[in-house]
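Everything on this sheet refers to the single structure shown next.
We did not get these values from a lab; they are worked out from the coordinates using the rules stated. The structure presented is a predicted model; accordingly, all values stated were derived computationally and were not measured.
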Amino acid sequence: MKLKAFDEINTLRTAERKGMEKGMEKEKITIAERSILQGLDNKTIARSTGLDEEHVERLRKNGKNKL
């Protein structure tokens, strides 16, 4: 029974960690999109968000397609 409780707790902690990581990644993307709108360059955005420059460029191109 103790092993089952441990597995459940471990599963919940893993899910919580993954959810937090996903939320932090979404926040980085939101910040990058706002920075693009403000006219910042890809390198500056990448440095400030932790995203790579290629990801920032894809966000920039996708944003232009939405206009």
Checked against the structure, the computed Rg and Dmax of the Cα atoms in Å among [x] 14.5, 42; [y] 16.0, 52; [z] 17.7, 57 is the one labelled [z]
Pairs LYS28/LYS61; LYS43/LYS64; LYS18/LYS64: which are spaced more than 23 Å apart, C-alpha to C-alpha?
LYS18/LYS64
Can you compute 3J(HN,Hα) from phi for each residue in the stretch 37-52, using the Karplus curve 6.51 cos²θ - 1.76 cosθ + 1.60 with θ = phi - 60°, rounded to whole Hz and x for Gly and Pro?
4, 7, x, 6, 7, 4, 5, 5, 5, 4, 5, 7, 9, x, 6, 7
ASN62 to GLU33: extension gain in nm, 0.36 nm per residue of separation minus the Cα-Cα distance?
9.4 nm
